[in-house]
1. Taking only the stretch B:180-213 into account, find how many residues are open to solvent by less than 20 Å² (accessible area, probe 1.4 Å) and in contact (Cβ under 8 Å) with a residue 24 or more places away in the chain.
2. Identify all residues within the stretch B:265-315 that are part of a helix (DSSP H, G or I) and farther than 20 Å from C:VAL88 by Cα; write none if there are none.
3. Residues A:PHE16, A:PHE87: which one is surrounded by fewer than 17 Cβ atoms within 10 Å (Cβ to Cβ), modelled with pLDDT under 90 and of a type in the set (Phe, Trp, Tyr)?
4. Which fully enclosed helices (runs of 4 or more DSSP H) of the stretch B:1-116 have 3 or more residues being over 30 Å from C:VAL23 (Cβ atoms), within 13 Å of the chain's Cα centre (by Cα) and touching a residue at least 12 places away in the same chain (Cβ under 8 Å)?
5. For the stretch A:160-223, please list each of the strands (runs of 3 or more DSSP E) lying entirely inside it that holds at least 1 residues being over 28 Å from A:PHE99 (Cα atoms) and open to solvent by 20 Å² or more (accessible area, probe 1.4 Å).
6. Which one of the conditions (1) more than 20 Å from B:GLY235 (Cα to Cα); (2) open to solvent by 10 Å² or more (accessible area, probe 1.4 Å); (3) among the β-branched types (Val, Ile, Thr) does B:THR50 fail to meet, given that it meets all the rest?
7. Anything in the stretch B:274-297 that is open to solvent by 30 Å² or more (accessible area, probe 1.4 Å) and either among the hydroxyl-bearing types (Ser, Thr, Tyr) or within 12 Å of another protein chain (Cβ to nearest Cβ) (or both)? List them, or say none.
8. For the stretch C:19-48, which residues satisfy the criterion of being out of contact with any helix residue (DSSP H, G or I) (no Cβ under 7 Å at 6 or more places or on another chain) and in a helix (DSSP H, G or I)?
Amino acid sequence: MAAVTLLKTEGLRRRFGGLEAVGGVDFTLTAGEIRAVIGPNGAGKTTFVSLISGRVAPTAGTITFEGEDVTGLPEFKRVRRGIAYTFQITSVFPKLTVFDNAALAAQSALTGGAGFGHGATPAAIEARAMEALTRVDLASRREQAAGTLAYGHQRLLEVAMGLALDPKLLILDEPTQGLSDGEIEGFIALTRTIATHATVLLIEHNMKVVMDLADRITVLDHGKVLAEGTPAEIRANAAVQAAYLGGSA
Amino acid sequence: MSRAVLLHVGVIALLFALQFVLSDYHHLTLTRVMILSVYAIGFNVLFGYTGLLSLGHALFFATGLYAAGLSATYWGFTAPTAFAAGIAAGLAVSLLIGAVALRTTGVAFMIVTLMFAQAGHLATLYFGDITRGDEGIVLPEASRKFAMLGATVDLADAGLRFNLALVLLAVTIGVSLLIVKRPIGRVLIAIRENEPRTLMLGFDSFRTKLFAVVVSGTISAAAGAATALAFGYVGSTFASIQYSIYPLLWTLLGGAATVLGPVLGTLVMFHLVDLASGYTTASLLVVGVVLVLLVLFFPKGILGTVRARWLPWLP
Amino acid sequence: MTAAVLALMALGLSLVFGVMRVVNVAHGEFFMLGAVTAWAISHFVPGHPAVGFAAAFVGAPLVVGAVALGAERLVLRRLGHDPEATIVATIGLLFILQQLALTFFGPDARPVQAPFTYRVVFPWFGYSGYKLFVVAAAVALLVGAWFVLTRTKLGLVMRATQFDRETAQAFGIPVDTVYAAVFAVGAMLAAVAAVLIVPIQQAHYLMGLDPLLLSFIVVIIGGLGSLKGTMVAAVVIGLSDGVISVFFTPTLAKILGTLLVALVLVVKPGGLYGTAPR
């Protein structure tokens, strides 16, 4: 695949009161890659991806997606263009069934978010939702209320909702947090299959997951890009080690 | 046919059969209950399914009521045209109010809707030359007679009136069921449960909520127009704050976010008020007590509880 | 005149919303209850009208406060002060209080005699001494409330609870007690306003709705929950209410006012004076 730029941010800033959570980030994402964003707590990772997904408005800077400026678009329009975000704090619809959760995502993708179901039969929605649930191995629990799922399963449902949206860019915010080792193995395999037809932007603390999965890694510190490179380059980077790896890995 | 559809068809058939056994008094009460159930169903689309509590639905109800009543009185509209005018006015007003009020959320939405309805109520008093305010207007008899399929229909006829009310109720139940069962129903519930997440799934929640307000307001207006034409009277009371609270009460009692709950709630509440009228003239006291008891001890309402305990498939 | 009394009433509503984050739709009925109780007390206390009035001035707020306290304990607390459930419950309370007043007090409007009828005569016009007294009393009460809220430990506790319920609890503030007290005090402010106004305006079981809506207007314009904004807004609106009714009929003025305020809430959800919530 030729190196096509999928997403680009220029001078992206976000200030909360006196604190600059993201302080001028220039960032380029190539279509098809798995990119990990790492950094110490409070480095601005979640704010950064929230800016990309549109949950938070930037103080300054621009975001370009597929060559178009999306800085001013509300989040739902960005989702329709293909930027999907799975929440760090699990945020499925607890009272709805597992199936309805996935079906919401499926019908959004199939109908362009119209909600009324134009151009999508209930059968098509069901097929797509079930396909996503099957990929995360939750198909057998389709009638269970999502809130009664075990934590790890809720995280997987969250990923399934991301899958059913069939995004061009899937943002995973700490997807393995709270998962068991076995579940993490499964998650790594799953992410590889997702990456065959989507670009993945991953915020992750677990270094094993990052090193296994990421094509490139961006290190954020104090709201700025500290380093960027392949896993091998990042591992060898002295500045990164000082700021981050030295402490925790 | 699924068991849910079967159940609703059964309920409508039961209501149809009841007209042959009821006394005149109960026959009239049931006609009234059926028309007001339509109002409650409309309210429930917004409150039960979408999770938006409007404290000003009387505005929509009164819009339909006055559009039908005034056009019949002053422009000589007959019942079908006046009814259509009521629905059209309801559509326009709910679109306008929705577009403005939905810019707010939560408590502010409740207060804004309350204030719009209050302004509407005051307007019916202010234009007393036309509406005759609290005293109201009795519709001309001619407007309630119209030709249908070659025969003359007179809405003063109790039997006809009953069956037309039943038709309106059946259609409304159908619409409600359709919305709930279609993909749009799932989105409404998603907005109720977690609006930010719904946005992050790519849904334009503002437009979806506006859709809910318009459907809800238009159904309420249809109920208002039907009330005016069926009973031949329009007055300011129908625009007052009580008429914003009634559908809330009926819906809560019968079970919010169930298709038949509002109907059941309206029926039960009418009987409660009927019973209480033997003891006190302050019928609103019953309304107040039931409201407080419901939120305290019975927040799911009758059918909501039935669904949670026994019938999870109940729409 | 209206401005001062309105400010008292609105302050009560704003206090409850500010600290507890709930809207008390029954606030107008506490006002009505205050007026009706004032009538009852002054009616049954013999002697000079001033004695009856003084008794009502103390007694009515206490009665209303007790009723509010009961409602908070029995209903609102059990709802966990959930905003939506609370609004529904206070609507229920509105009907209960209103209809009980109808049952026991009757449908007629009844006057309370003013404690004195001295007329203050300025060179250019005469003015009822009682009306001046009302303004002075209301202003004194407002200043008192202001002092309590901003300068005392009690006020600090309230503001802390308003700011962050969990943290306040963690710091050992008895949040439940604060809520109960705030709700009762809010109702008592409405009752005091009612006692002051009832010699001018007669007690009636339906008198609660208008001041409730006016209070809503004040509280919204002032910024939901902002006490300072509430007071400024009350004065502005109380004065402009008089001005507006010079140009329009009272009903039209009410319609325009109501619409205007709804639009304010739409355009600036935080109110004109307050900061936007969240």
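1. Of the residues in that region, 8 qualify.
2. Listed by number, the residues that qualify are B:LEU267, B:HIS271, B:ASP274, B:LEU275, B:ALA276, B:VAL306, B:ARG307, B:ALA308, B:ARG309.
3. Step by step, each of A:PHE16, A:PHE87 is checked, and only A:PHE16 is surrounded by fewer than 17 Cβ atoms within 10 Å (Cβ to Cβ), modelled with pLDDT under 90 and of a type in the set (Phe, Trp, Tyr).
4. Helices (runs of 4 or more DSSP H) meeting the threshold: B:24-44.
5. It comes to A:216-221.
6. (2)
7. B:SER277, B:TYR279, B:THR280, B:THR281, B:SER283, B:LEU285, B:VAL289, B:LEU293, B:LEU296, B:PHE297
8. Those that are out of contact with any helix residue (DSSP H, G or I) (no Cβ under 7 Å at 6 or more places or on another chain) and in a helix (DSSP H, G or I): C:ALA40, C:HIS43, C:PHE44.
The values are calculated or read from the model by the stated rules, or taken from the named source; none is laboratory data. This is a predicted model, so every value here is computed, not measured. With ideal geometry, Cβ positions are generated from the backbone for all residues, glycine too; neighbour counts draw on all protein chains shown. The accessibility values were calculated without ligands, DNA or RNA, using every heavy atom of the protein model including side chains. Shrake-Rupley method; radii C 1.70, N 1.55, O 1.52, S 1.80 Å.
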